[in-house]
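Right, one structure below, let's go through it.
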Amino acid sequence: MEPKDYRPMWKELGLNLEGHDQLLAILGKAYKDIYMSQENRPKAMQYFDFVISEAHGLRIKELMETKKKGNKVIGTFCVYVPEEMILAVGGTCVGLCAGAEIGIDEAEKVLPRNTCALIKSFMGFKLAGLCPYIQASDLVVGETTCDGKKKAYEILNDYKETYVVEIPQMKTQRDRTLWRGEVVQFKEKIEEISGKKITPENLRAGIKIANNKRRALQRLSALRKAVPVPISGLDGLLVNQIAFYDDPLRFTKSVNALCDELDERIKKGIGVTKNGIPRILISGSPMALPNWKIPFIVETSGAIVVAEESCVGERSTRDLVYETGNTLDGMIDAIVDRYFKIDCACFTPNVERTDHILDLAKEFKADGVIHYSIQFCTPYTVEAYKVEKAVQKAGIPFLKIETDYGMEDMGQWKTRIEAFLEIARG
Ligand code: BJ8
């Protein structure tokens with residue numbers, strides 16, 4: 001096969017070609033070391049390996065092609081942005097949160113050093129000219145969740161038009177009214193940028209596509225409850241990360257194909273590792289691609305991650321939009337209610353999240369809970385206190401981790417995690 005040359009496309013997108021080459025080399029090596037070294041992976045993971053290998057190539061080419069047909073690409077940073085409305089007008093929603101320590105020097109020129117790594121990373125990717133997704137986006141949508149993101153969008157807007165959705169901080173009826181108003185305004189923004197009207201018909205279709213993607217991810221999640229577990233936590237996380245970039249129809253089909261294979265494994269009692277190793281639930285800040293640090297340490301220390309209580313995981317896939325609404329207003333209400341259930345730590349109070357963590361720990365037969373927060377992420381770091389109390393009260397071993405995207409503390413965390421796994425083993 002002819003080697004594919006995407007450089008003209010990257011140049012057209014205004015990427016920093018030299019820096020981008022270096023980035024691809026680093027990511028390619030990390031993927032090989034972390035993912036391709038795993039044993040006994042399901043065959044259907046080959047599709048997801050391919051998607052990763054073409055994340056800056058073929059997928060971007062697809063986005064450019066859909067743009068040529070007049071469809072819009074919308075970049076987002078939060079699972080609170082209603083994807084259904086973007087899909088309704090034939091648009092594509094791509095996640096722009098970034099999980100690598102890249103472009104930090106550039107980011108620190110505009111942000112304080114003690115900013116969460118996720119924010120520094122997306123800012124760094126943009127300022128260093130390394131993210132083809134943000135370059136390809138017709139509009140970037142931010143949101144008023146944590147203070148760091150909220151204020152960073154004001155700066156990002158100087159470099160790329162950023163439309164900000166206001167997310168309430170509480171969940172009273174008054175907050176729901178505010179949120180509904182925001183969803184309606186977002187609908188109008190999407191209509192304006194796409195030049196297309198959102199109708200009951202196209203919104204129904206958008207809801208179906210987004211729900212089917214979530215159903216496939218729910219199916220995958222449920223299969224990870226099996227003993228022994230048929231797929232590694234790293235692979236489970238990867239599929240959830242790819243959900244933010246891939247074509248939703250193709251992705252849904254590929255996740256279901258993976259689940260068919262896992263069904264077979266379960267029937268035959270095949271696990272990805274030997275039985276009896278500690279099953280770990282990871283909870284906390286989202287792990288955006290390519291943030292694999294903690295699951296990698298856990299799974300190379302003799303344990304397996306069975307679920308992620310995170311926006312790259314359960315928190316964004318758990319709830320569906322009711323498909324029973326026939327009117328546009330009814331569908332908007334269904335969207336409003338579905339998103340309003342997301343239990344991000346930016347809300348106060350947020351008891352639902354602690355309840356969900358306990359439920360997940362039980363359902364997935366977790367031997368331990370690791371609470372992960374990105375350093376300087378106030379919402380999750382502070383909320384960890386309440387989570388710790390609840391998890392310990394339930395008699396489940398608990399470990400609190402606060403780290404950034406750097407690799408310097410890998411050894412230190414490996415030692416702490418190994419000691420924790422001794423306790424989880426019971
Ligand atoms: S709904 S979790 S995707 S905001 S890690 S940037 S919170 S300081 S990402 Fe999130 Fe939406 Fe909530 Fe989910 Fe701020 Fe914390 Fe950084 Fe964070």
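The values are calculated or read from the model by the stated rules, or taken from the named source; none is laboratory data. Given the structure is predicted, the values throughout are model-derived calculations rather than measurements. Glycine also receives a Cβ, built like all others from the backbone with ideal geometry; neighbour counts cover every protein chain displayed. Calculation scope for accessible area: heavy atoms of the full protein, side chains included, ligands and nucleic acids excluded. Shrake-Rupley method; radii C 1.70, N 1.55, O 1.52, S 1.80 Å.
Given a 1.4 Å probe, how much area per residue of the chain is accessible, in Å²?
On the way: 18080 Å² over 426 residues.
Heavy-atom SASA per residue in the chain reads 42 Å².
Residue-wise HN-Hα couplings along the range 419-426, as the Karplus relation 6.51 cos²θ - 1.76 cosθ + 1.60 with θ = phi - 60° gives them from phi, are 5, 5, 5, 4, 5, 4, 5, x Hz; Gly and Pro carry x. Round to a whole number: what % of the accessible area of the chain belongs to carbon and sulfur, probe 1.4 Å? Solvent-exposed carbon and sulfur of the chain make up 55 percent of the total.
Summing charges over neighbours of Glu166, with a neighbour being any other residue whose Cβ is under 9 Å away from its Cβ, gives -2 when K and R count +1 and D and E count -1. For the residue pairs Lys68/Lys151; Lys208/Lys268; Lys365/Lys386; Lys150/Lys414; Lys29/Lys213, the C-alpha atoms sit more than 31 angstrom apart in Lys68/Lys151; Lys208/Lys268; Lys150/Lys414.
What's the FRET efficiency of Met64 with Gln392 using the Cβ-Cβ distance as r and R₀ = 35 Å, to the nearest 0.05?
Numbers: r = 51 Å, r/R0 = 1.45.
The computed FRET efficiency comes out at 0.10.
Just check the range 115-202 against the gyration tensor rule for me: Cα atoms, a ≥ b ≥ c as the square roots of the eigenvalues, rounded for a/c under 1.5, and otherwise prolate or oblate depending on whether a/b exceeds b/c.
Numbers: a/c = 2.91, a/b = 1.27, b/c = 2.29.
Because a/c hits 1.5 or more and a/b fails to exceed b/c, the range 115-202 counts as oblate.
Remark on Leu139: its backbone amide H falls under 5 Å from those of Val73, Gly75, a criterion applied only to residues 5 or more positions apart or on other chains, H modelled at 1.01 Å from N.
Descending by average beta-carbon neighbour count within 10 Å, the peptides 183-191, 99-107, 277-285 line up as 277-285, 99-107, 183-191, the highest first. Extension gain, Asp21 to Ala205: 0.36 nm times the residue separation minus the Cα-Cα distance gives 62.4 nm. Compute the distance from the alpha-carbon center of the range 235-277 to that of the range 133-182, in whole Å. Comparing the Cα centres of the range 235-277 and the range 133-182, I get a distance of 32 Å.
Around His20, what is the net charge, scoring Lys/Arg as +1 and Asp/Glu as -1 over all other residues with Cβ under 14 Å from its Cβ?
On the way: positive: Arg7, Lys11, Lys126; negative: Asp5, Glu12, Glu18, Asp21, Glu106.
Its environment carries a net charge of -2.
Anisotropy class assigned to the range 226-267 is oblate, per the alpha carbon gyration tensor with a/c at or over the 1.5 cut-off and a/b no larger than b/c. Projecting the Cα atoms of Gly206, Ile294, His371 onto the charge dipole of the chain (Cβ charges, centred on the Cα centre) puts Gly206 farthest toward the positive pole.
In sequence order, the range 196-202 has phi-based couplings of 10, 7, 8, 10, x, 5, 6 Hz under the Karplus curve 6.51 cos²θ - 1.76 cosθ + 1.60, θ = phi - 60°, and Gly or Pro positions carry x.
Sort the following peptides by mean Cβ neighbour count (other Cβ atoms within 10 Å, averaged over residues), highest first: 17-24, 136-143. Could you put the intermediate results ahead of the total?
On the way: 17-24: 15.0, 136-143: 21.9.
Peptide ranking by packing, descending: 136-143, 17-24.
Neighbours of Arg214, meaning other residues whose beta-carbon lies under 13 angstrom from its beta-carbon, give a summed charge of +3 when Lys and Arg score +1 and Asp and Glu score -1. Is the chain best put as rounded, prolate or oblate by its Cα gyration tensor, with a ≥ b ≥ c the root eigenvalues, rounded for a/c under 1.5, and otherwise prolate when a/b is larger than b/c, oblate when not? Rounded, since a/c falls under 1.5.
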